[in-house]
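This report concerns only the one structure given below.
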Amino acid sequence: MAYFKVKKGDQVIVTTGRDRGKKGEVLEVLRADNRVRVQGINVVKRHRRPTQANAGGIEAFEAPIAISNVALIDPDSGAATRVSIVEKDGKKVRVAKASGKVIS
């Protein structure tokens with residue numbers, strides 16, 4: 001399985017697709033499918049039938065998008081950046097390639 005540089009809670013920007021340029025927080029990383037769910041991105045609507053537990057109606061939610069279509073946001077400039085993994089003080093940390101700052 002591949003190593004993902006995007007984690008839950010990261011701020012990302014969408015690089016391709018109908019939501020290109022939008023920013024949001026990663027809600028979930030689906031490792032098996034190489035996809036992520038991002039808050040406010042790729043929102044789809046589904047009609048749900050009423051059940052005893054649910055009133056039904058039209059439900060909107062964020063559908064997963066390919067992890068290759070998002071990039072981490074540089075903490076310095078706010079633009080998209082690539083990420084490298086370096087070892088600092090005996091721990092591996094993610095560093096933005098654009099600014100060289102550590103991504104927390």
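Just so it is clear, none of the values below were taken in a lab; they were calculated from the coordinates. Everything quoted here is computed from the prediction, not taken from an experiment. Heads up, the Cβs are rebuilt from the backbone with ideal geometry, glycines too, and the neighbour counts pull from every protein chain shown.
Starting from 0.36 nm per residue, how many nanometres of slack lie between R31 and V102 once their C-alpha separation is accounted for? Intermediate results must be reported in sequence, preceding the final value.
Values: separation 71, 0.36 × 71 = 25.56 nm, distance 2.33 nm.
Length difference between fully extended and current span is 23.2 nm.
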field: Mean separation of Cα contacts under 8 Å (6+ apart) over length of the chain, as relative contact order %
entry: 20 percent
- line: Sorted largest first, the Cα spans of region 11-76 on the principal axes come out in Å as 48, 24, 20
statement: Simple SL model, points at 7 angstrom along Cα→Cβ for I58 and K45; separation in nm is 0.2 nm
query: Using θ = phi - 60° and the Karplus form 6.51 cos²θ - 1.76 cosθ + 1.60, what ³J(HN,Hα) does each residue of region 85-92 get, whole Hz, x for Gly and Pro?
result: 10, 10, 9, 10, 6, x, 10, 7
message: Can you compute the modelled spin-label distance between D76 and Y3, with each label point 7 Å from Cα toward Cβ, in nm?
response: 2.3 nm
